[in-house]
Every structure is written in structure tokens, then in C-alpha cells.
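The values are calculated or read from the model by the stated rules, or taken from the named source; none is laboratory data. Bear in mind that the values here come from a model prediction, so they are computed numbers and not experimental data. Methodologically, a virtual Cβ is constructed for each residue, glycine included, from the backbone with ideal geometry; neighbour enumeration extends over all protein chains shown.
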Amino acid sequence: MDVITALTQWFTEPMQFEFVQRALLVSVVAGVACAVLSCWMTLVGWSLMGDAVSHAVLPGVVLSYLFGAPFAVGALVFGGGSVALIGIVNRTSRVKEDAVIGVVFTAMFALGLVLVSRVPSQTDLSHILFGNVLGVSDADIWQVVVLAAIVLAVVWFKHRDLTLYAFDPVHAHALGINPRLLETLLLGLLSVTVVVALQAVGIILVVAMVIIPGATAYLLTDRFERMLLISASVAVAAAFVGVFASFHVNVSTGGSIVLAQAGAFVLAYLFSPRQGVLWRGRGARALRARART
Amino acid sequence: MIPAIEVTGATVRYGDVLALEDVSLTVGPGRVCGLLGTNGSGKSTLFKTILGLVSADRGRIRILGRTHTAARREGLVGYVPQSEQVDWAFPVRVRDVVMMGRYGHMGPRRRPRAADRRAVDHALDRTDLADLADRQIGALSGGQRKRAFVARAIAQGADVLLLDEPFAGVDKRSEATVVDLLGSLRQDGATLLVSTHDLAQVPDLCDEAALLQRRLLAHGTPDEVLRPDVLLEAFGARPARGAAAWT
């Protein structure tokens, strides 16, 4: 059996199963929404905020299960609520923002753990924490697709304003465009996106999805539009590699997706035409060699 | 005649710290005013107050006779930030930055129309950056970077420009091109408030100078303000003769 046939089979064999198709759909849709947003997260420097929002949704998800509501409702309430809480404490106390974020998200996560211990089924917790993309229900898929569509539509409509905010909020203000409003919009989009990606990779790894693709793309281009495209492509490729690898080797799907993204980041870090450390190291060595002669 | 910038009795507190105390400063239209002061003298705070980023505890701000909110909505105020406040590794081209000056003229999606592209091209020509328009913003020299942000204000059509330390991080030769550019903006009737602790450029560039040290200590022609005895009284130390800066 030659390599091409083997490779084709590696991809086609899992596709015969409906649960794999559904897992792919969720991973790709969630991946693209996260990847697009991750470009602004990288540039504004909000990685910790992504971590905070993702952990803070846990109590919301647990309460949603408890009351039989769609998980997105509780997650959005607690995600958005935590962001607001961080903002309030940050503005009204002398504690620095990273500490406020740390306090709020760990407290929310702890609340979630306490609530979970009162909820009968323990299997749900591991699904929430680590994702259960191979077992998503129709309702879950609908939530993911609809929320991702909303995120992408808002981003498509407002992407220039978001970039303006990320680059120069003072200039936005000078033009009479409210940067506080844009910040709130970006935080809202982050909350929704985190909820979207929960299904794919779970609470613990969501933050990777809203950082790694953007950080990878940032190493590869100086143009924002290209950064969006590269970031989304990385996420799609990682979704395929992750889902198929987890099928063949029987390992965690969420873990595989994030590992695939991390692999892309490592490649960009090493081999990026302009930013790659290998070339930069070589350029520096060549300069030093020239200096010696 | 309506003054371009009119600050009356502005007092700004950050908590217990008094940043500005009863500052009144009026700059007429088409004038270039150099705002002088050491680090921490309140120059940045005064800029933020004029822009409405910081609200004054007391006092009144008028820009071309309007409140700062109305002036900003009309796009009258352009802002050229200090170099340290800009993320030079941000993935935007020079052209993109200048286009951001047009956002106030656009619809909610900020989709550029032909008029916006013409305004950007004009601003790039004016600042001699047309050949560098497709470069990433950080791939410019210090002087070119300043000109890019001035181009953004030109594209905006701002009548009042606030420039925060435009000569910091700019070499001597580029400094002259920035001074020429600002001079030509004044020729067109723009009003410039230029904060600097670089005294060397003040006589060439400025019609008037204002000395700020939390309070406004002096305001007049550069000759009147840059006299050694005035500076001595203001800062308790005589800047070295011919020194470009003191801190």
C-alpha cells in the first residue's frame, strides 16, 4: 500500500462515522470563531482574560444542566457577569488588573466545582472540563453553529473598529468613537466564543483556541487581513488533524486539537520567513561572522 | 474671533495627586503653541483634558467654541501620540493607519469610499510617505513614523492638532522635516499644540510658548518664555547652555 492511499484512508475511514462528521463540524466551526477572535486577543494582550472567561462559565454551565436550560444561557450569564465584575473591581480598588482577574475567575471556577458536587452525574463534569466533541447532541450543534454565526457576523461588521480599538483607543476617542463600547463589544464576543468552543475542547483548553491561532498567524504576517485568514486556516487544519488523530490513536479529541494548534505555533516560531528564530539566529550568526572578517 | 483652544481654570486631580491646578490657556486659530514642561509637569494630563479623556474637576474646555464632545464628533481634533504609546509591531500598513483618520467620515462598517481613498493619498503625498504607504508601520524611521500619524490627522481633516512629544526618538535631520511639515500645516490654517521638552525646536516652530509645571507659569512668545531667568524661576535650575532637553 503506497503512502498516498494510506493517507487517503487515514482521512476517509473515520468520515464514514456520523459521530466523527459531527465532531468535525463542531471543531471546525468553533475553531474558526475562536481563531478569528484570537487575532484581536493577541494584539490587545487579553490572553489572561480568555482564561478568566472560560473558567468563570463553569457555574453557569452546571446551573444550566440543573435547570435543563441550554448550556449557552448559563455560560453567557456567568462569562459576561465575570467580565463585568472584573471591570468593576478593577476600577474601584487599587488591586492590579491581573490580580483581579485571578481572584474572579478562580472564585467562579471554585463555585462551579462546589455546584457540580451537588449535581448527581459526575460524568458531566469531565465533559465540561475536557470537552466531549465525539458525543455532541443535535441541540449542542445548533447552539455552536448559531452562536458562531452571530460572532462572525458581528466581527465582519465591526472588524475595522475593533482593530482601531486594538491599535489606538485614544484616536478612536478623538474621533468620537467610544473605546469603552468597543472594549465591551470585544469582551462580549470573547464570552460568546468561549461558550462556542466549550463543546469542542472543554473549559480547560478553550483559552488555547482563543490564543494560539492568532499568535501563530502573528508570527507569519504583517497584514491584519492575512492574519485573520492564516489564523482561521490553522484552526481548521488543527480541527481535522485533531479529530482524526484522536480517532486513530484513541486519545482525547480536545487535547489533540490543541496539540495540533500548538504544533503549528512551533513550526511558525521556528520557520516563519521573517520572524522564525532559526533564520533570525542564522542572520545574527552571519552578521557576527562578517564582523570577525 | 473664536479661539481654537480655550482652557479656563482647569483643575485635575488623580486621587490625592493634583495634576493640573487652575490652568488657563488660550491658543488662537492658526497658531503653533509649544507646551513646555518637565516629565510629570502635567503636559499629558492637559492633552487628555482637552481630548476629554480625563474630566476636569473644575474648569471649562472649548475647542473652536465647542465642547470637546461636539468637537470630537465633528472630527476637529487630531491627536499624534507619543512614540512609547504606539505598538509598532502591530500588523497594519502606513496606509491603514492614515485611513483610520477617515473613520469619523464613514458609516458604521468603516468601509472606505473613493473620497476617503483620495484623502488618504493626499495626506500620504503631503507627508512624503506615498512610496512607503504599503510598509508595516514599524518599518519606518522615527521621523517617518511621526509623519504617518500627522498624515492620519491630515486625512481626518482636523483643524486642531495635539502633538505629544513629536521630536522624541527622532534624529536631527528628520526633526527638520517634521518641523517643515508642521509649519506647512500652520500655513493652511491649522492650530497646533505641541508638547515637548526639547527647547531647540521651539523658536523655529512655535509662535508662542507656554510653560507648565502643574500650574501655567508663563505664556508668551518663545523669546519671552525661554529667557534663562524665567526658566530658572520655573524649575529652580538653569538648563545647560545650548542643551536640547532637560528632565
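Brief remarks on what is shown
- Among (1) surrounded by fewer than 16 Cβ atoms within 10 Å (Cβ to Cβ); (2) within 20 Å of A:V170 (Cβ to Cβ) - the single one B:R145 does not satisfy: (1)
- Checking B:P203 against (1) buried (at least 17 other Cβ atoms within 10 Å of the Cβ); (2) more than 26 Å from B:L18 (Cα to Cα), the condition it does not meet: (1)
- Checking B:L185, B:L211 one by one, the residue that is at pLDDT 90 or above, outside any helix (DSSP H, G or I) and among the aliphatic types (A, V, I, L, M) is B:L211 and no other.
- The strands (runs of 3 or more DSSP E) falling completely within region B:2-52 that include 1 or more residues that are within 14 Å of chain A (Cβ to nearest Cβ) and either within 15 Å of the chain's Cα centre (by Cα) or farther than 23 Å from B:G189 by Cα (or both) map to B:5-14, B:17-27.
- Summed over region B:103-118, the residues that are part of a helix (DSSP H, G or I) and either of a type in the set (K, R) or within 14 Å of chain A (Cβ to nearest Cβ) (or both) give a count of 6.
- Whichever residue in region B:56-84 is among the polar types (S, T, N, Q) and in contact (Cβ under 8 Å) with a residue 40 or more places away in the chain and, among such residues, is nearest to the other protein chains (Cβ to nearest Cβ): B:Q82
- Qualifying residues in region B:121-158 (those that are among the acidic types (D, E) and either in the same structural domain as B:V7 (by TED's automatic domain parsing) or not in a loop (DSSP other than H, G, I, E, B) (or both)) - the one nearest to the chain's Cα centre (by Cα): B:D125
- Helices (runs of 4 or more DSSP H) fully within region A:93-179 counting 2 or more residues that are of a type in the set (A, V, I, L, M) and within 10 Å of another protein chain (Cβ to nearest Cβ): A:138-167, A:169-174
- Considering B:A89, B:A158, the condition of being within 9 Å of another protein chain (Cβ to nearest Cβ) and closer than 23 Å to B:P29 by Cα is satisfied by B:A158 alone.
- When residues in region A:218-229 are screened for being among the aliphatic types (A, V, I, L, M) and facing chain B (nearest Cβ under 9 Å), 1 of them pass.
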